[in-house]
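Enquirer: After the C-alpha coordinates below, expect a handful of questions from me.
The values are calculated or read from the model by the stated rules, or taken from the named source; none is laboratory data. Since the model is a prediction, treat every value here as computed from it, not as a measurement. Every residue, glycine among them, receives a Cβ derived from its backbone with ideal geometry; neighbour counts consider all protein chains shown. SASA here: full protein model, heavy atoms, side chains in, ligands and nucleic acids out. Shrake-Rupley method; radii C 1.70, N 1.55, O 1.52, S 1.80 Å.
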Amino acid sequence: MPAAAPATVAAAELGGLVAAVARGDQAAYARLYRAVAAPVYGTALRTLRSAAHAEEVAQEVLLEVWRTAAAYRPARGTVTAWVLTIAHRRAVDRVRAARAAADRELRVALREQPISEPGPEPVPEQVERTHDALRVRSALARLSGVQRESLVLAYYGGYSQREIARALGVPLGTVKTRMRDGLLRLRAAFDGG
(Lines give C-alpha, C1' and ligand atoms only; values in the text may rest on other atoms or scores of the structure.)
Protein backbone atom coordinates (compact mmCIF):
# COMPACT_ATOMS: atom_id res chain seq x y z
CA MET A 1 0.00 0.00 0.00
CA PRO A 2 1.62 3.26 -1.03
CA ALA A 3 2.21 5.62 1.83
CA ALA A 4 -0.50 8.23 1.71
CA ALA A 5 -0.23 11.33 3.81
CA PRO A 6 -3.30 11.41 6.02
CA ALA A 7 -5.56 14.26 5.00
CA THR A 8 -7.51 16.18 7.57
CA VAL A 9 -11.06 16.17 6.30
CA ALA A 10 -14.12 17.19 8.28
CA ALA A 11 -16.70 14.48 9.00
CA ALA A 12 -19.34 16.32 6.95
CA GLU A 13 -16.96 16.54 4.01
CA LEU A 14 -16.23 12.79 4.25
CA GLY A 15 -19.95 12.13 3.85
CA GLY A 16 -19.97 14.22 0.69
CA LEU A 17 -16.91 12.40 -0.61
CA VAL A 18 -18.55 9.01 -0.05
CA ALA A 19 -21.66 10.19 -1.90
CA ALA A 20 -19.47 11.33 -4.80
CA VAL A 21 -17.56 8.03 -4.75
CA ALA A 22 -20.91 6.20 -4.95
CA ARG A 23 -21.48 8.09 -8.22
CA GLY A 24 -18.05 6.94 -9.50
CA ASP A 25 -16.10 10.15 -8.85
CA GLN A 26 -12.45 9.08 -8.89
CA ALA A 27 -11.13 12.43 -7.62
CA ALA A 28 -13.42 12.17 -4.60
CA TYR A 29 -12.17 8.62 -4.01
CA ALA A 30 -8.56 9.85 -4.09
CA ARG A 31 -9.36 12.43 -1.37
CA LEU A 32 -11.30 9.86 0.67
CA TYR A 33 -8.42 7.38 0.29
CA ARG A 34 -5.91 9.90 1.61
CA ALA A 35 -8.19 10.69 4.55
CA VAL A 36 -8.83 7.11 5.69
CA ALA A 37 -5.90 4.99 4.45
CA ALA A 38 -3.70 5.52 7.51
CA PRO A 39 -6.43 4.76 10.09
CA VAL A 40 -7.51 1.70 8.08
CA TYR A 41 -3.93 0.39 7.99
CA GLY A 42 -3.51 1.12 11.72
CA THR A 43 -6.69 -0.78 12.58
CA ALA A 44 -5.59 -3.77 10.49
CA LEU A 45 -2.07 -3.69 11.95
CA ARG A 46 -3.32 -3.67 15.56
CA THR A 47 -5.43 -6.75 14.84
CA LEU A 48 -3.03 -8.68 12.60
CA ARG A 49 0.34 -7.61 14.02
CA SER A 50 1.89 -8.12 10.60
CA ALA A 51 2.70 -5.21 8.32
CA ALA A 52 2.34 -7.35 5.18
CA HIS A 53 -1.05 -8.73 6.20
CA ALA A 54 -2.21 -5.30 7.34
CA GLU A 55 -1.28 -3.85 3.95
CA GLU A 56 -3.24 -6.55 2.14
CA VAL A 57 -6.28 -6.03 4.36
CA ALA A 58 -6.06 -2.24 3.99
CA GLN A 59 -6.01 -2.58 0.20
CA GLU A 60 -9.02 -4.92 0.33
CA VAL A 61 -10.91 -2.51 2.60
CA LEU A 62 -10.20 0.53 0.45
CA LEU A 63 -11.31 -1.36 -2.64
CA GLU A 64 -14.48 -2.41 -0.80
CA VAL A 65 -15.12 1.25 0.10
CA TRP A 66 -14.91 2.13 -3.61
CA ARG A 67 -17.24 -0.71 -4.57
CA THR A 68 -19.79 -0.28 -1.76
CA ALA A 69 -19.84 3.49 -1.19
CA ALA A 70 -23.54 3.55 -2.08
CA ALA A 71 -24.22 1.26 0.91
CA TYR A 72 -23.02 3.89 3.41
CA ARG A 73 -25.87 5.22 5.56
CA PRO A 74 -25.09 8.46 7.48
CA ALA A 75 -27.82 7.70 10.01
CA ARG A 76 -25.89 4.63 11.17
CA GLY A 77 -22.62 6.45 11.95
CA THR A 78 -19.76 8.49 10.60
CA VAL A 79 -17.82 7.63 7.48
CA THR A 80 -14.75 6.96 9.59
CA ALA A 81 -16.65 4.55 11.85
CA TRP A 82 -18.10 2.78 8.78
CA VAL A 83 -14.70 2.38 7.11
CA LEU A 84 -12.93 1.30 10.30
CA THR A 85 -15.68 -1.23 11.03
CA ILE A 86 -15.06 -2.75 7.60
CA ALA A 87 -11.31 -2.77 8.34
CA HIS A 88 -11.74 -4.42 11.73
CA ARG A 89 -14.07 -7.09 10.34
CA ARG A 90 -11.72 -7.86 7.47
CA ALA A 91 -8.75 -8.15 9.82
CA VAL A 92 -10.64 -10.42 12.21
CA ASP A 93 -11.76 -12.55 9.26
CA ARG A 94 -8.10 -12.85 8.20
CA VAL A 95 -7.06 -13.97 11.70
CA ARG A 96 -9.87 -16.54 11.84
CA ALA A 97 -9.03 -17.84 8.36
CA ALA A 98 -5.33 -18.19 9.26
CA ARG A 99 -6.20 -20.06 12.46
CA ALA A 100 -8.62 -22.35 10.65
CA ALA A 101 -6.04 -23.05 7.95
CA ALA A 102 -3.36 -23.81 10.52
CA ASP A 103 -5.73 -26.15 12.36
CA ARG A 104 -6.63 -27.94 9.12
CA GLU A 105 -2.97 -28.23 8.15
CA LEU A 106 -2.13 -29.71 11.54
CA ARG A 107 -5.00 -32.21 11.40
CA VAL A 108 -3.96 -33.27 7.91
CA ALA A 109 -0.32 -33.53 8.98
CA LEU A 110 -1.21 -35.71 11.91
CA ARG A 111 -3.38 -37.97 9.73
CA GLU A 112 -0.83 -38.21 6.91
CA GLN A 113 2.25 -38.74 9.02
CA PRO A 114 1.59 -41.55 11.47
CA ILE A 115 4.63 -43.31 12.82
CA SER A 116 4.20 -46.83 11.58
CA GLU A 117 5.69 -50.09 12.69
CA PRO A 118 9.42 -50.24 12.09
CA GLY A 119 9.93 -51.38 8.55
CA PRO A 120 12.45 -50.49 5.92
CA GLU A 121 12.88 -47.01 7.42
CA PRO A 122 14.26 -46.89 10.99
CA VAL A 123 12.09 -45.16 13.60
CA PRO A 124 14.45 -42.18 14.13
CA GLU A 125 14.21 -41.32 10.42
CA GLN A 126 10.41 -41.65 10.53
CA VAL A 127 10.27 -39.29 13.51
CA GLU A 128 12.58 -36.80 11.78
CA ARG A 129 10.50 -36.92 8.58
CA THR A 130 7.30 -36.38 10.57
CA HIS A 131 8.90 -33.50 12.48
CA ASP A 132 10.08 -31.90 9.22
CA ALA A 133 6.59 -32.21 7.69
CA LEU A 134 5.05 -30.56 10.75
CA ARG A 135 7.60 -27.72 10.61
CA VAL A 136 6.78 -27.12 6.93
CA ARG A 137 3.04 -27.08 7.62
CA SER A 138 3.50 -24.80 10.61
CA ALA A 139 5.62 -22.40 8.56
CA LEU A 140 3.03 -22.47 5.75
CA ALA A 141 0.32 -21.61 8.26
CA ARG A 142 2.18 -18.41 9.14
CA LEU A 143 2.07 -17.13 5.56
CA SER A 144 -0.69 -14.93 4.26
CA GLY A 145 -3.55 -16.86 2.69
CA VAL A 146 -2.62 -15.75 -0.83
CA GLN A 147 1.05 -16.67 -0.39
CA ARG A 148 0.19 -20.09 1.03
CA GLU A 149 -2.37 -20.75 -1.70
CA SER A 150 0.14 -20.02 -4.48
CA LEU A 151 2.91 -22.12 -2.89
CA VAL A 152 0.63 -25.07 -2.13
CA LEU A 153 -0.69 -25.06 -5.71
CA ALA A 154 2.87 -24.96 -7.05
CA TYR A 155 4.63 -27.43 -4.77
CA TYR A 156 1.87 -29.81 -3.75
CA GLY A 157 -0.38 -29.42 -6.79
CA GLY A 158 2.38 -29.29 -9.40
CA TYR A 159 0.95 -26.21 -11.14
CA SER A 160 3.12 -23.75 -13.04
CA GLN A 161 3.01 -20.08 -12.10
CA ARG A 162 1.06 -19.36 -15.31
CA GLU A 163 -1.50 -22.07 -14.44
CA ILE A 164 -1.84 -20.67 -10.91
CA ALA A 165 -2.43 -17.15 -12.27
CA ARG A 166 -5.10 -18.49 -14.61
CA ALA A 167 -6.76 -20.57 -11.87
CA LEU A 168 -6.82 -17.69 -9.37
CA GLY A 169 -7.71 -15.04 -11.93
CA VAL A 170 -4.76 -12.81 -11.05
CA PRO A 171 -1.84 -11.48 -13.14
CA LEU A 172 1.22 -13.70 -13.51
CA GLY A 173 3.38 -11.04 -11.83
CA THR A 174 1.12 -11.14 -8.77
CA VAL A 175 1.59 -14.91 -8.47
CA LYS A 176 5.36 -14.54 -8.85
CA THR A 177 5.44 -11.86 -6.14
CA ARG A 178 3.31 -13.92 -3.76
CA MET A 179 5.50 -16.98 -4.26
CA ARG A 180 8.75 -15.04 -3.88
CA ASP A 181 7.54 -13.32 -0.70
CA GLY A 182 6.17 -16.61 0.66
CA LEU A 183 9.43 -18.44 -0.01
CA LEU A 184 11.41 -15.66 1.68
CA ARG A 185 9.16 -15.90 4.74
CA LEU A 186 9.51 -19.71 4.77
CA ARG A 187 13.28 -19.41 4.58
CA ALA A 188 13.26 -16.92 7.46
CA ALA A 189 11.06 -19.30 9.49
CA PHE A 190 13.49 -22.18 8.97
CA ASP A 191 16.62 -20.09 9.50
CA GLY A 192 15.18 -18.85 12.79
CA GLY A 193 13.63 -22.14 13.89
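Enquirer: Within the set of pairs 6+ apart or on separate chains, which have a first residue in the stretch 1-26 that is at pLDDT 95 or above, a second that is of a type in the set (D, E), and C-beta atoms under 9 Å apart?
Expert: Once the first residue is at pLDDT 95 or above and sits in the stretch 1-26, its partners that are of a type in the set (D, E) give L17/D25; A19/D25.
Enquirer: Could you please give the count of residues in the stretch 127-155 that are within 13 Å of L106 (Cβ to Cβ) and not in a helix (DSSP H, G or I)?
Expert: Residues flagged as within 13 Å of L106 (Cβ to Cβ) and not in a helix (DSSP H, G or I) within the stretch 127-155 amount to 1.
Enquirer: Moving on to the next point. Quick one: is A109 over 30 Å from A35 (Cα atoms), at pLDDT 80 or above and either open to solvent by less than 50 Å² (accessible area, probe 1.4 Å) or of a type in the set (A, V, I, L, M, F, W, C) (or both)?
Expert: Against the criterion (over 30 Å from A35 (Cα atoms), at pLDDT 80 or above and either open to solvent by less than 50 Å² (accessible area, probe 1.4 Å) or of a type in the set (A, V, I, L, M, F, W, C) (or both)), A109 does not qualify.
Enquirer: Please go through the stretch 43-61 and pick out each residue that is open to solvent by less than 20 Å² (accessible area, probe 1.4 Å) and over 14 Å from the mean Cα position of the chain (by Cα).
Expert: T43 - this is the single residue of the stretch 43-61 that is open to solvent by less than 20 Å² (accessible area, probe 1.4 Å) and over 14 Å from the mean Cα position of the chain (by Cα).
Enquirer: In addition: Suppose we filter V170, V175 for residues that are surrounded by 13 or more Cβ atoms within 10 Å (Cβ to Cβ), part of a loop (DSSP other than H, G, I, E, B) and either in contact (Cβ under 8 Å) with a residue 60 or more places away in the chain or not aromatic (F, W, Y) (or both); which single one remains?
Expert: That would be V170, the only listed residue that is surrounded by 13 or more Cβ atoms within 10 Å (Cβ to Cβ), part of a loop (DSSP other than H, G, I, E, B) and either in contact (Cβ under 8 Å) with a residue 60 or more places away in the chain or not aromatic (F, W, Y) (or both).
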